[in-house]
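The values are calculated or read from the model by the stated rules, or taken from the named source; none is laboratory data. In this text the structure is predicted, and so the values were computed from the model without any measurement. Methodologically, a virtual Cβ is constructed for each residue, glycine included, from the backbone with ideal geometry; neighbour enumeration extends over all protein chains shown. Each accessible area value is taken on the protein alone, full model and side chains, heavy atoms only, with ligands, DNA and RNA left out. Shrake-Rupley method; radii C 1.70, N 1.55, O 1.52, S 1.80 Å.
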Amino acid sequence: MPRYLVISTSGNPESNSRRMARIAFETLEKAEVQCEWLDLRELDLPLCDADACYDAPGARKLGGAIKRADGILVATPVYNYDVSATAKNMVELSGSAWEEKIVGFLCAAGGMSSYMSVMAFANSLMLDFRCVIIPRFVYATGSAFDGDAPKDAKIVARIEQVAAELTRFGQALRG
(Lines give C-alpha, C1' and ligand atoms only; values in the text may rest on other atoms or scores of the structure.)
Protein backbone atom coordinates (compact mmCIF):
# COMPACT_ATOMS: atom_id res chain seq x y z
CA MET A 1 0.00 0.00 0.00
CA PRO A 2 1.51 3.37 -1.00
CA ARG A 3 2.47 5.84 1.73
CA TYR A 4 1.91 9.57 1.48
CA LEU A 5 3.48 12.62 3.07
CA VAL A 6 2.22 16.21 3.29
CA ILE A 7 4.96 18.76 4.00
CA SER A 8 4.34 22.34 5.10
CA THR A 9 7.41 24.43 4.23
CA SER A 10 6.33 27.82 5.56
CA GLY A 11 7.95 29.47 8.55
CA ASN A 12 4.89 31.65 9.13
CA PRO A 13 2.51 30.32 11.81
CA GLU A 14 -0.40 32.00 9.98
CA SER A 15 0.58 30.53 6.62
CA ASN A 16 -2.05 29.99 3.93
CA SER A 17 0.09 27.25 2.39
CA ARG A 18 -0.02 25.43 5.75
CA ARG A 19 -3.81 25.82 5.79
CA MET A 20 -3.93 24.26 2.33
CA ALA A 21 -1.65 21.44 3.47
CA ARG A 22 -3.94 20.70 6.43
CA ILE A 23 -6.94 20.37 4.10
CA ALA A 24 -4.96 18.00 1.87
CA PHE A 25 -3.82 15.95 4.87
CA GLU A 26 -7.40 15.70 6.18
CA THR A 27 -8.52 14.61 2.69
CA LEU A 28 -5.91 11.84 2.67
CA GLU A 29 -6.91 10.75 6.18
CA LYS A 30 -10.58 10.55 5.10
CA ALA A 31 -9.49 8.39 2.15
CA GLU A 32 -7.99 6.03 4.76
CA VAL A 33 -4.56 5.88 3.16
CA GLN A 34 -1.27 5.78 5.03
CA CYS A 35 -0.23 9.39 5.39
CA GLU A 36 2.12 11.44 7.49
CA TRP A 37 2.22 15.16 8.31
CA LEU A 38 5.49 17.08 8.46
CA ASP A 39 5.79 20.76 9.35
CA LEU A 40 9.27 22.13 8.74
CA ARG A 41 8.70 24.78 11.43
CA GLU A 42 8.92 22.00 14.00
CA LEU A 43 12.22 20.47 12.84
CA ASP A 44 14.93 23.05 13.62
CA LEU A 45 16.55 22.49 10.23
CA PRO A 46 20.01 23.88 9.55
CA LEU A 47 20.91 25.64 6.33
CA CYS A 48 22.52 23.22 3.93
CA ASP A 49 26.29 23.57 4.10
CA ALA A 50 27.13 20.38 2.17
CA ASP A 51 28.88 19.10 5.30
CA ALA A 52 27.67 18.69 8.90
CA CYS A 53 24.06 19.71 8.14
CA TYR A 54 23.10 16.19 7.08
CA ASP A 55 23.76 14.85 10.60
CA ALA A 56 21.39 17.32 12.28
CA PRO A 57 18.45 15.53 13.94
CA GLY A 58 15.91 17.57 11.98
CA ALA A 59 17.60 16.78 8.67
CA ARG A 60 17.62 13.07 9.52
CA LYS A 61 13.94 13.13 10.45
CA LEU A 62 13.12 15.00 7.24
CA GLY A 63 15.10 12.60 5.05
CA GLY A 64 13.53 9.58 6.73
CA ALA A 65 9.98 10.86 6.24
CA ILE A 66 10.63 11.60 2.56
CA LYS A 67 12.33 8.24 2.01
CA ARG A 68 9.35 6.35 3.53
CA ALA A 69 6.81 8.13 1.33
CA ASP A 70 5.77 7.08 -2.16
CA GLY A 71 3.88 10.31 -2.82
CA ILE A 72 4.48 13.78 -1.40
CA LEU A 73 2.48 17.00 -1.39
CA VAL A 74 4.67 20.05 -0.87
CA ALA A 75 2.86 23.10 0.47
CA THR A 76 4.91 26.24 -0.06
CA PRO A 77 4.55 29.98 0.00
CA VAL A 78 5.71 31.82 -3.10
CA TYR A 79 8.13 34.69 -2.53
CA ASN A 80 9.68 36.81 -5.30
CA TYR A 81 8.36 34.54 -8.06
CA ASP A 82 9.75 31.33 -6.57
CA VAL A 83 9.03 28.72 -3.91
CA SER A 84 10.31 29.53 -0.43
CA ALA A 85 13.97 29.20 0.47
CA THR A 86 12.85 26.69 3.11
CA ALA A 87 11.44 24.42 0.39
CA LYS A 88 14.70 24.61 -1.54
CA ASN A 89 16.74 23.96 1.61
CA MET A 90 14.52 20.94 2.32
CA VAL A 91 15.54 19.34 -0.98
CA GLU A 92 19.21 20.17 -0.42
CA LEU A 93 19.11 18.54 3.02
CA SER A 94 17.30 15.40 1.91
CA GLY A 95 18.73 14.91 -1.61
CA SER A 96 18.48 11.33 -2.82
CA ALA A 97 15.53 10.59 -0.51
CA TRP A 98 13.48 12.27 -3.26
CA GLU A 99 14.38 9.68 -5.90
CA GLU A 100 11.39 8.40 -7.87
CA LYS A 101 8.74 10.05 -5.67
CA ILE A 102 5.33 11.21 -6.88
CA VAL A 103 5.10 14.92 -6.06
CA GLY A 104 2.31 17.49 -6.06
CA PHE A 105 2.23 21.15 -5.03
CA LEU A 106 0.04 23.50 -3.01
CA CYS A 107 1.20 27.11 -3.45
CA ALA A 108 0.11 30.27 -1.64
CA ALA A 109 1.13 33.69 -2.90
CA GLY A 110 0.37 37.36 -2.59
CA GLY A 111 -0.77 37.82 -6.19
CA MET A 112 -1.64 35.98 -9.39
CA SER A 113 1.44 37.01 -11.38
CA SER A 114 3.69 34.22 -10.10
CA TYR A 115 1.39 31.24 -10.61
CA MET A 116 4.02 29.38 -12.72
CA SER A 117 6.76 29.90 -10.14
CA VAL A 118 6.67 26.30 -8.88
CA MET A 119 7.79 24.96 -12.26
CA ALA A 120 11.55 25.45 -11.79
CA PHE A 121 11.33 23.59 -8.47
CA ALA A 122 9.21 20.84 -10.07
CA ASN A 123 11.64 20.54 -12.98
CA SER A 124 14.55 20.18 -10.57
CA LEU A 125 12.80 17.32 -8.74
CA MET A 126 11.86 15.69 -12.02
CA LEU A 127 15.29 15.95 -13.64
CA ASP A 128 17.58 15.52 -10.62
CA PHE A 129 15.62 12.82 -8.79
CA ARG A 130 13.34 11.34 -11.47
CA CYS A 131 10.22 12.38 -9.56
CA VAL A 132 6.85 12.06 -11.24
CA ILE A 133 5.18 15.46 -11.01
CA ILE A 134 1.40 15.56 -10.80
CA PRO A 135 0.38 17.80 -13.73
CA ARG A 136 -2.08 19.73 -11.56
CA PHE A 137 -1.29 21.98 -8.63
CA VAL A 138 -3.12 24.46 -6.45
CA TYR A 139 -2.19 28.13 -6.50
CA ALA A 140 -4.10 30.46 -4.21
CA THR A 141 -3.72 34.08 -3.22
CA GLY A 142 -4.60 35.62 0.13
CA SER A 143 -7.99 36.70 -1.24
CA ALA A 144 -9.04 33.01 -1.25
CA PHE A 145 -8.85 32.94 2.57
CA ASP A 146 -10.86 34.45 5.38
CA GLY A 147 -8.85 34.12 8.56
CA ASP A 148 -8.00 30.48 9.21
CA ALA A 149 -10.18 29.01 6.49
CA PRO A 150 -10.46 29.25 2.74
CA LYS A 151 -13.52 31.22 1.68
CA ASP A 152 -13.26 30.04 -1.91
CA ALA A 153 -14.94 26.64 -2.32
CA LYS A 154 -13.12 26.17 -5.63
CA ILE A 155 -9.76 26.26 -3.83
CA VAL A 156 -10.91 23.60 -1.37
CA ALA A 157 -12.17 21.45 -4.25
CA ARG A 158 -8.84 21.83 -6.06
CA ILE A 159 -6.88 20.88 -2.93
CA GLU A 160 -9.04 17.78 -2.56
CA GLN A 161 -8.54 17.03 -6.25
CA VAL A 162 -4.74 17.24 -5.98
CA ALA A 163 -4.81 14.94 -2.92
CA ALA A 164 -6.98 12.49 -4.89
CA GLU A 165 -4.57 12.70 -7.83
CA LEU A 166 -1.69 11.90 -5.50
CA THR A 167 -3.40 8.69 -4.40
CA ARG A 168 -4.45 7.85 -7.96
CA PHE A 169 -0.85 8.20 -9.16
CA GLY A 170 0.32 6.26 -6.11
CA GLN A 171 -1.99 3.35 -6.86
CA ALA A 172 -1.08 3.34 -10.54
CA LEU A 173 2.67 3.49 -10.00
CA ARG A 174 3.15 1.79 -6.61
CA GLY A 175 -0.11 -0.05 -5.80
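Hey, for a label at Y81 modelled as a point 7 Å past Cα toward Cβ, could you say which residues of the range 107-149 have their backbone N under 18 Å away?
Output list for this probe position: 108-124.
Which net charge results when you count Lys and Arg as +1 and Asp and Glu as -1 among the other residues whose beta-carbon is under 9 Å from that of A108?
+2
Where does the range 1-40 land on Rg(C-alpha)/(2.2 N^0.38 Å)?
1.17
Quick check: convex hull of the Cα atoms in the range 69-137, volume per residue, rounded to a whole Å³?
Convex hull of Cα atoms, per residue: 74 Å³.
Under 12 Å from the Cβ of D148, count the other residues' Cβ atoms, weight Lys and Arg +1, Asp and Glu -1, and hand me the total.
Net charge around D148: +2.
Could you tell me the extents of the range 69-109's C-alpha atoms along the three principal axes, largest first, rounded to whole Å?
Principal extents (Cα only, largest first): 28, 18, 11 Å.
Quick check: from the Cα gyration tensor, does the range 93-175 come out rounded (a/c under 1.5), prolate or oblate?
oblate
Helix hunt in the chain: which complete DSSP H runs extend at least 24 Å axially by C-alpha with mean Kyte-Doolittle at least -0.5?
153-174
Where nothing but the Cβ of Lys and Arg (+1) and of Asp and Glu (-1) is charged, how large is the charge dipole of the chain around its Cα centre, in debye to the nearest 20?
It works out to roughly 460 debye.
Shape verdict for the range 17-74, please, from the Cα gyration tensor: rounded (a/c under 1.5), prolate (a/b greater than b/c) or oblate.
prolate
Within 10 Å of each candidate Cβ there may be at most 15 other Cβ atoms; applying that plus a DSSP loop requirement, which GluC sites (Glu not before Pro) in the range 99-175 survive?
In loop regions of the range 99-175 (DSSP not H, G, I, E or B), the sparsely surrounded GluC sites (Glu not before Pro) are E99, E100.
Hand me the tally of lysine pairs in the chain: alpha carbons under 25 angstrom apart, and the pair either on different chains or 8 or more positions apart.
Number of lysine pairs found: 9.
Under a Cβ-only charge scheme (Lys and Arg +1, Asp and Glu -1), can you give me the dipole magnitude of the range 76-175 about the Cα centre, in debye to the nearest 20?
240 debye
Over the chain, with every protein chain in place, what whole percent of the accessible area is carbon and sulfur at 1.4 Å, could you tell me?
C and S atoms contribute 49 percent here.
With N residues in the range 18-129, what two-decimal value do you get for its Cα radius of gyration over 2.2 N^0.38 Å?
Against the compact-globule rule of thumb, the ratio is 1.06.
Run the helix sum for the chain: -39,500 (n - 2.57) per DSSP H stretch of 4+ residues, divided by residue count, reported at 222 nm to the nearest 500 deg cm²/dmol.
Calculated at 222 nm, the ellipticity per residue is -13000 deg cm²/dmol.
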